[in-house]
Amino acid sequence: MSLSDRRADPASRPFVTAPYKSENGRIRAVVPSYCPCADDGPPCGVGIHHYRRRKMGIPWGLVAVAKCRTHGLVFTLYPPGCVPYGREPYVELAPDGSALARDPGGSESALSPGYFAAAFDAAEGVLWPMDSAPTPPDAVRSTQRRRVSRLATLLGLAPGVSPDPSAVADVTGLPAGNLLEVASALAIVRDLTHRGRQARDVLLRLAGRVGRALMDRLAVLGHLAGRWGPPYRWRSHVASLIELGRPFWRPLPPGTAPGSGASTGGKRIHDFGHSRPP
């Protein structure tokens, strides 16, 4: 059974973030040379299987589904900043993965106001209506509370649920002690405004700490939380498929810098994505 089998646990199916570029007036994905099953055997034969329409906050509305003829793996190529099952990007980036034009004093990548609006609104004391919200239709209090809880879980702030503060600290570089302190406080507080403020503040600290590697970190945290499968990112300018969130795939030749596509023949390596542009 391939990793893309519909019967498989969604948290076991890998996905790849790839740049999207304009071709003949249409936005199309850059096809990786390797798939997540790449090894030292026969080379991968990756091509576009089809494009499917997806409601995920991208203007062109289509995501590419790729297939490797060598390994029989079918996997989705998500635009930068997007994740499986998400109707809105987590981070707002240009289709090719570059930073959007912003104020000179702003960060290079910006959290999506749509996906994280529940926590940001709650943090400011803006509580969504109890039972009626025409714009958007699902913006009601129960949805807001659920989204704040999901963000707290993603950041290791939900006691007894993966990822725990120690794992989040390993991925993000945030102090494990501080995360544990916030998690302990949230365990006894039901007030939505307080919970939203705590989750928002941790998220902003993460964004400020990791800069352009923010989306890589969020992709790894979502996998640890069981929301989606192992995340990969295609770096087209060096022909490398990076498996995010682990030590390097195998030892590199002496004198070779980590992250260099030449060191692995362009095949996959593991990395946390430290501030390298997509």
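The numbers here are math on the coordinates, done by the rules we state, and not lab data. Note that the structure is predicted; figures quoted are calculated from it, not measured. Here Cβ is always computed from backbone atoms with ideal geometry, including for glycine, and neighbour counts include all displayed protein chains.
Most exposed first by the Cβ proxy, i.e. fewest other Cβ within 10 Å, how do 58, 188 rank?
Least crowded to most crowded, the residues run 188, 58.
Would you kindly derive the ³J(HN,Hα) couplings of region 85-99 from the backbone phi angles with the Karplus curve 6.51 cos²θ - 1.76 cosθ + 1.60 (θ = phi - 60°), listing them in order in whole Hz, with x for Gly and Pro?
For region 85-99, the Karplus-derived couplings read 6, x, 7, 9, x, 7, 10, 7, 9, 5, x, 8, x, 7, 6 Hz, x marking Gly and Pro.
Specify, per residue and in Å³, the volume enclosed by the convex hull of the alpha carbon atoms belonging to region 66-218.
Convex hull of Cα atoms, per residue: 153 Å³.
Tally Lys and Arg at +1 and Asp and Glu at -1 over the other residues with C-beta under 14 Å from the C-beta of residue 54: what net charge comes out?
+3
Would you mind ranking 182, 238, 148 by Cβ crowding within 10 Å, fewest neighbours first?
Placing the least packed residue first, the sequence is 238, 182, 148.
Based on other C-beta atoms within 10 Å, arrange 228, 234 from fewest to most.
Fewest-to-most Cβ neighbours within 10 Å comes out as 228, 234.
Taking 0.36 nm per intervening residue step and subtracting the Cα-Cα distance, what contour gain separates residue 143 from residue 50 on full extension?
Extra length available between residue 143 and residue 50 comes to 30.2 nm.
Contour minus end-to-end for residue 22 and residue 166, with contour as 0.36 nm per residue of separation and end-to-end as the Cα-Cα distance?
47.7 nm
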